[in-house]
Amino acid sequence: MQDGQAARTLQSVSANNPGLCFDCVYARRIKSEKGSIFLQCQLSFTDSEFQRYPRLPVLRCSGYEKQPGL
């Protein structure tokens, strides 16, 4: 587990915080026609271990990689 991931799992997570997906390089934000926002895991297209639309907040993830500069 990476240091940032360990620290984030100890934080309280609100309904507006998607957990690790917030700054993961593999998370893609999808906006519906009605304005709802979903987070899609790009790793799900190549590895069945990952859910396409994970249940939020994600507190642990083996594929988590923090976006540089965030």
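The values are calculated or read from the model by the stated rules, or taken from the named source; none is laboratory data. All of these numbers come straight from a predicted model, not from anything done at the bench. SASA here: full protein model, heavy atoms, side chains in, ligands and nucleic acids out. Shrake-Rupley method; radii C 1.70, N 1.55, O 1.52, S 1.80 Å.
Values as computed for the structure displayed
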quantity: Surface per residue (accessible, 1.4 Å probe) for the range 13-57, Å²; calculated: 74 Å²
quantity: Karplus-derived 3J(HN,Hα), 6.51/-1.76/1.60, for each residue of the range 41-56, Hz, glycine and proline x; calculated: 8, 5, 5, 5, 6, 10, 9, 5, 5, 9, 6, 4, 10, x, 5, 9
quantity: Accessible-area order (highest first, 1.4 angstrom probe) of the listed residues Ser36, Ser62; calculated: Ser62, Ser36
quantity: Residue-span extension gain [Phe38 to Lys66] - 0.36 nm each, minus C-alpha spacing; calculated: 8.2 nm
quantity: Extension gain, Gln51 back to Arg29 (0.36 nm per residue minus Cα-Cα distance, nm); calculated: 6.5 nm
quantity: By accessible area with a 1.4 Å probe, ligands and nucleic acids excluded, highest first: order of Lys34, Lys66; calculated: Lys34, Lys66
